[in-house]
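J.: Before I ask anything, let me first share the structure, which is written out below as structure tokens.
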Amino acid sequence: MKKKELIIGISCIVLLFMLAVYMLTSYKWMQGILSDSNESIDGSFVVMLLDASNKPTKYWVLEDENVDLSNGLISFSETDGQTIHLHGNVIMKEYDDANQLLAIKKEYGLK
């Protein structure tokens, strides 16, 4: 009888420990997703809008721009002052110099 009670007690402790780890992990994961920090980045980027077959249909070259990444969107201002908001099939590549920009254009077949 004592052996059965011991097994049930240990099983309950293990179950409570696993539940606590799950709750802590879920909380930290949601905290990272819902946090307001790091929602914008500065730098030079190529932002590409992709079609259903993951081929770039339109792209923007941003030099020393601030890109807003809040609410699941990629938002930036065009040269004419219009703000572009993209979501879904989008790739954003950072570059530091003209050689890296040319390599990105060559890799994705951009003109």
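The values are calculated or read from the model by the stated rules, or taken from the named source; none is laboratory data. Computed from a prediction, not measured in an experiment: that's the story for all the values here. Cβ placement follows ideal geometry from the backbone for every residue including glycine, while neighbour counts extend to all protein chains displayed.
J.: From Y22, Y59, grab the single residue that is surrounded by 10 or more Cβ atoms within 10 Å (Cβ to Cβ), within 25 Å of K111 (Cβ to Cβ), at pLDDT 90 or above and not polar (S, T, N, Q). Write out each step before concluding.
T.: Working: Y22 fails: within 25 Å of K111 (Cβ to Cβ).
Going through Y22, Y59 in turn, the sole match is Y59.
J.: Would you point out the residue of the range 74-111, among those that are touching a residue at least 12 places away in the same chain (Cβ under 8 Å) and among the β-branched types (V, I, T), that is nearest to I41 (Cα to Cα)?
T.: I74
J.: Contact list please: Cβ distance under 7 Å, first residue in the range 59-73 and in the same structural domain as L102 (by TED's automatic domain parsing) and closer than 19 Å to E39 by Cβ, second residue outside any strand (DSSP E or B) and of a type outside the set (A, V, I, L, M), pairs at least six apart or on different chains.
T.: From residues that are in the same structural domain as L102 (by TED's automatic domain parsing) and closer than 19 Å to E39 by Cβ, the pairs are D68/E39; L69/E39; S70/E39; G72/H87; L73/H87.
J.: Which ones in the range 77-93 are over 18 Å from D51 (Cα atoms) and out of contact with any Ser or Thr (no Cβ under 7 Å at 6 or more places or on another chain)?
T.: Just the residues of the range 77-93 that are over 18 Å from D51 (Cα atoms), to begin with: 77-83.
Scanning the range 77-93 gives E78, T79, D80, G81, Q82.
J.: Only one residue in T57, T79 is in a loop (DSSP other than H, G, I, E, B) and β-branched (V, I, T). Which one?
T.: Numbers: T57 fails: in a loop (DSSP other than H, G, I, E, B).
Criteria check complete, one pass: T79.
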